[in-house]
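J.: This is the structure I have questions about; it appears just below.
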Amino acid sequence: MIQDIYPHKLNNHYYPDRKPAEDSIVIVIRDNEVLVKGDIFPLRKEVNAEDERLTYLFSLDGDKNYFLFDVTDDKDTGLPEGYEFVNVRSFRRSGTARKYRVFLAYTALQLANWYRNNAYCGRCGKKTFHDDKERAIRCECGNLVYPRIVPAVIVGITNGDKILVTKYKTGFAHFALVAGFTEIGETLEETVAREAMEETGLKVKNIRYYKSQPWGIVDDILVGFYCDVDGDDTIRMDEGELKVAEWRSREDVELQPDEYSLTNEMMKMFKEGKA
């Protein structure tokens, strides 16, 4: 999955006083784009910006410090030659970007959006400021905002040696699994049962946790579950959301073109008889 970057190790601890060195790495974000040369991010010495505009992000492997430079609202900022802005989704799908750099770009974009969307207080409207102890945004009115993380479930519904696969009506074109966001006052297990019923008309049982995944491009924390169909296995597809919902045997499961997503790993595990 996208966060499986071994032998690299991401340290996301926040150091508010850490300043960039000449060889620090800067992830430059413009809207939903990242500045790269191939899959390489620029160094601090290549970026023309005051230190105050660079926000500490995280470190990699204990010694490589990364900083954020968001130019979304300042598109005329001079940028290093040889680099170009690439949509983060296209960066992932390029086939040439190394996985750990895609993961870093996703995580940086998530934080960039959070900082940008909370520049002013949602309670009183005043300008906010970065907390000096933790990764948080404060306002003098007392409002405290942490990074936005949205829980969602990925659901592998099994029926003996078959699994239910779907295709969305619009957007992502490849096979996926039932999925959906957790609502207020709802457990993850309740989300699994509700989404299964809403998208496919199926009751489920034996809900069991598999694995989780950060998916920073849309602020998600994805939580994977397998479960079994309970009783009638007739699919009643939500045609407003899906264009395909069908049972597939292990050998007929079609995987996604890359191995970045939790959804794809769960389908692969079932296909290989490991789920």
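A short reminder: the numbers here are calculations on the coordinates, not readings from a lab. Please read all numbers here as calculations on a predicted model, not as lab measurements. Cβ placement follows ideal geometry from the backbone for every residue including glycine, while neighbour counts extend to all protein chains displayed.
J.: Based on the mean of other Cβ atoms within 10 Å per residue, sort peptides 258-266, 158-166 so the most packed one is first.
T.: The densest-packed peptide leads the list: 258-266, 158-166.
J.: At 222 nm, what helix-only mean residue ellipticity would the chain give, in deg cm²/dmol to the nearest 500, using -39500 (n - 2.57) for each DSSP H run of four or more?
T.: -5500 deg cm²/dmol
J.: Regarding the range 150-271, what is the average projected area of its C-alpha convex hull, in nm²?
T.: 7.0 nm²
J.: Another question, if that's okay. What do you get for trypsin sites (Lys or Arg not before Pro) in the range 187-217 restricted to DSSP loop and a cutoff of at most 16 other Cβ within 10 Å of the site's Cβ?
T.: Hits after loop and neighbour filter: Lys203.
J.: I've got another one for you. How tilted is helix 99-117 with respect to the longest principal axis of the chain? Cα atoms for both, answer in degrees (0 to 90, nearest 10).
T.: 70 degrees
J.: Explain nothing, just the number: dipole magnitude of the chain about its Cα centre with +1 on each Lys and Arg Cβ and -1 on each Asp and Glu Cβ, in debye rounded to the nearest 20.
T.: Computed charge dipole of the chain: roughly 280 debye.
J.: Round to a whole angstrom and tell me the spacing of the C-alpha centers of the range 14-35 and the range 161-213.
T.: The range 14-35 and the range 161-213 have Cα centres spaced 36 Å from each other.
J.: On to the next question. Kirkwood hydrodynamic radius, computed over distinct alpha-carbon pairs, for the range 10-117: how many Å, to one decimal?
T.: Here the Kirkwood hydrodynamic radius works out to 13.8 Å.
J.: Next question, about the same structure. Determine the percent antiparallel among the DSSP beta bridges restricted to the range 150-271, to the nearest 5.
T.: 70 percent
J.: Okay, moving on. Please compute, over every Cα-Cα pair in the chain, the percentage with a separation greater than 25 angstrom.
T.: In whole percent, the share of Cα-Cα pairs in the chain beyond 25 Å is 53.
J.: Have a look at Tyr14, Ile29, Leu54 and report the one farthest towards the positive end of the charge dipole of the range 1-57, computed about the Cα centre with Cβ charges (Lys/Arg +1, Asp/Glu -1).
T.: Tyr14
J.: Moving on to the next point. Counting pairs of Cα atoms in the range 75-194, how many percent are more than 17 Å apart?
T.: 75 percent
J.: Tell me, what is the Rg over Rh of the range 68-139, with Rh the Kirkwood radius over Cα pairs?
T.: 1.05
J.: How high is the FRET efficiency between Asn159 and Lys133 when r is their beta carbon distance and R₀ equals 45 Å, given to the nearest 0.05?
T.: 0.35
J.: Could you tell me the relative contact order of the chain? Use alpha-carbon pairs under 8 Å, at least six residues apart, and round to a whole percent.
T.: Value for the chain: 17 percent.
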